[in-house]
Amino acid sequence: MSKPRGRPSQGRGLSLDEILATALGLLEEGGTAGLTMRSLASRLGVTPMSLYNHVADRADLLLKLSDRVYSEVAQCVGLLDEPQAELRLVLIRYFDAVTRYPQLTLAIFAEPQAFAGVTRKVSEHLTALLGSLTPEPSLWRDILVDHAHGCGIALALSAGNGEAIQGQYALALDRLLARIQTRDASVSA
């Protein structure tokens, strides 16, 4: 039996969109171990070498997946004039993305080269917003992003109590943001 060649059956070419959609599906089905270049090529019906026309390696694949998923978060950057309101909007959208694709979040943790592009820009924007509210913007960014990760992954893995976790996330986020504002006001006084 011969191996499949670089083009899927019916002679259509392989697209980056098709690769990313399939890779995201594999990642969410089998976790970080389930997404290999071989498993992706097999699912697409091509040889692994065909993938390298579109992505440099697994880290580049994860970066492109991350850019696709978190671009929705980046779209809300700069929409609001009030830093606290924009922080909340960005973090809620980030939490939603983590909830929809928890395995991607875990894969990014495991592959530091994948933290670049859109995710890095969102992180830098959060730091800048926090810089206008607190003298410790990096510390608060880490607290808020880690909170989104923890709650988002817990919600994604929950069996039936998702609404409660989602509500708890929003409530806790509001309390954290109020704490930043309260702390900053007391420092200024």
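The values are calculated or read from the model by the stated rules, or taken from the named source; none is laboratory data. Being a predicted model, the structure only gives us computed values, none of them experimental. Ideal geometry is used to build each Cβ from the backbone, glycine not excepted, and the neighbour counts take in all protein chains shown.
Here are some notes:
- Tabulated pairs, segment 70-94, first closer than 18 Å to His149 by Cβ, second at pLDDT 90 or above and aromatic (Phe, Trp, Tyr), C-beta under 6 angstrom, 6+ apart or interchain: Val73/Tyr94
- Out of Glu18, Glu28, sole residue that is among the acidic types (Asp, Glu), out of contact with any strand residue (DSSP E or B) (no Cβ under 6 Å at 6 or more places or on another chain), surrounded by 16 or more Cβ atoms within 10 Å (Cβ to Cβ) and outside the structural domain of Gln168 (by TED's automatic domain parsing): Glu28
- Every pair of residues 6+ apart whose Cβ atoms lie under 9 Å, when the first sits in segment 95-113 and is touching a residue at least 60 places away in the same chain (Cβ under 8 Å) while the second is outside any helix (DSSP H, G or I): Gln103/Leu35; Ala107/Leu35
- The residue of segment 74-88 that is surrounded by the most Cβ atoms within 10 Å (Cβ to Cβ), among those that are closer than 13 Å to His125 by Cβ and under 21 Å from the mean Cα position of the chain (by Cα), is Leu87.
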